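Working notes, beginning with the structure itself.
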């Protein structure tokens, strides 16, 4: 039986769209160029270690994750709440939610955070956590740097505390990212600690894919051309349906849809090392005001299943796509030795992932809802249509599916 809707791409957005359509009785075919689902959310196995393609976490407080994902089935392993932060003078402080960890604010103040800054931090954290999300979306959108200053944080606190941490979230270090997006992310971190699925981040797209029949997803099927209700594969074969949904990343979507606005990309490189013992206990994310690295964490302290033999798996990310990891890895290892105060010479370098297209840039002002319906029979979704996050990918897929359903209901044809 012919498919009514063809979805190009089995990343989170495409799977979200396909699941929504199938739940309404629509016949769907998903075409994926890779050999498995996930798009940028993938996990490799190297010598028994589970290596996500870039340091990624799942925020269970994201509304679309709560509504669409069976999080308990992923057997989530939680990070310790709060961030372990290394100041420029080498002192260690902990950035924590003052509502659930009042002692964390005391540590920050003793570590040099001015009391007015501590009060401002507590105030906007409580506001973000407690107010309905629509209030955050309705707020004026400006750069995160400007917004933090307007919230009462000093330049020193922004530079020494927030810039190092948020650079690892946004994958840009100027804090030019939308303040609306920042507050939505801050809200989710305040509401629940991030988690790792027991078998790696790829468990998330795999769960979504299992909700579709195996026959409805075809892998290693790169699409060369799309038009309303029609696609052409790279091998020349053509397929037709009542609608086509392009659910690739922004750059690939721009190639298939000339004239589509394609945002700039924020890039990152993640190094993975194996150590006999954990250099820091507690399953927390570590940031560094000296910014030689964005962040580092012992993943196996959070999810022991990431390591096959009880040794420690350390993930460390640096800003940008490193062109020659072999030249940079010794510097990363040397910096980690100073950061942890322990030797790293015996660490085993497992793999490095330079990711030039990690996150679509979101400079302020950023429209949270770009159009997903291009014309009758042709639609687009992905995190570049909403927000650069798992939340954004899932929402955009749902929005595209709802647009398709509305057109099918009114009998629209390409």
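List of remarks:
- Scanning the stretch 337-367 for residues that are part of a loop (DSSP other than H, G, I, E, B) and surrounded by fewer than 17 Cβ atoms within 10 Å (Cβ to Cβ) yields 341, 342, 343, 345, 346, 365, 367.
- Residue match in the stretch 347-362 (condition: without any contact (Cβ under 8 Å) to a residue 60 or more places away in the chain and over 23 Å from the mean Cα position of the chain (by Cα)): no
- Among (1) crowded, with 21+ Cβ neighbours inside 10 Å; (2) closer than 23 Å to residue 383 by Cβ, the one test that residue 153 misses: (2)
- Whether a residue is modelled with pLDDT of 95 or more and not assigned by the TED database to the domain that holds residue 251 was assessed, and residue 395 does not pass this test.
- Residue check for residue 204: modelled with pLDDT of 95 or more and over 29 Å from residue 124 (Cα atoms): yes
- Residue 255 being over 21 Å from residue 300 (Cβ atoms) and not in a helix (DSSP H, G or I): no
- Filter result (in contact with a strand residue (DSSP E or B) (Cβ under 6 Å, 6 or more places away or on another chain), crowded, with 16+ Cβ neighbours inside 10 Å and part of a loop (DSSP other than H, G, I, E, B)) within the stretch 230-247: 241, 247
- Boolean, residue 395 is closer than 30 Å to residue 147 by Cα and surrounded by 24 or more Cβ atoms within 10 Å (Cβ to Cβ): yes
- Enumeration of residues in the stretch 186-218 that are out of contact with any helix residue (DSSP H, G or I) (no Cβ under 8 Å at 6 or more places or on another chain), under 21 Å from residue 81 (Cα atoms) and in a loop (DSSP other than H, G, I, E, B): 192, 193, 194, 201
- Residue count for the stretch 52-94 under the criterion of being in a loop (DSSP other than H, G, I, E, B), touching a residue at least 40 places away in the same chain (Cβ under 8 Å) and over 15 Å from residue 202 (Cβ atoms): the result is 11.
- Extreme residue, surrounded by the most Cβ atoms within 10 Å (Cβ to Cβ), among residues of the stretch 110-130 that are under 13 Å from residue 183 (Cβ atoms) and free of Cβ contacts under 8 Å to residues at least 24 places away in the same chain: 127
- Total residues in the stretch 164-179, condition modelled with pLDDT of 95 or more and more than 14 Å from the chain's Cα centre (by Cα): 7
- Meets criteria (touching a helix residue (DSSP H, G or I) at 6+ places or on another chain (Cβ under 9 Å) and assigned to a loop (DSSP other than H, G, I, E, B)) for residue 112: yes
- Filtering the stretch 305-336 to residues that are surrounded by 15 or more Cβ atoms within 10 Å (Cβ to Cβ) and in a helix (DSSP H, G or I) leaves 305, 306, 325, 328, 329, 332, 333, 335, 336.
- In the stretch 139-160, the count of residues that are assigned to a helix (DSSP H, G or I), under 22 Å from the mean Cα position of the chain (by Cα) and modelled with pLDDT under 95 is zero.
- Inter-residue pairs, beta-carbon under 6 Å, first within 12 Å of residue 29 (Cα to Cα) and in the stretch 197-222, second surrounded by fewer than 13 Cβ atoms within 10 Å (Cβ to Cβ), 6+ apart: 219/35
- Residue 271 meets all of the listed conditions (1) surrounded by 22 or more Cβ atoms within 10 Å (Cβ to Cβ); (2) closer than 19 Å to residue 400 by Cα but one, namely (2).
The values are calculated or read from the model by the stated rules, or taken from the named source; none is laboratory data. As the structure is a prediction and not an experimental result, all values here were calculated from the model. Note that each Cβ is placed from the backbone with ideal geometry, even for glycine, and that neighbours are counted across all protein chains shown.
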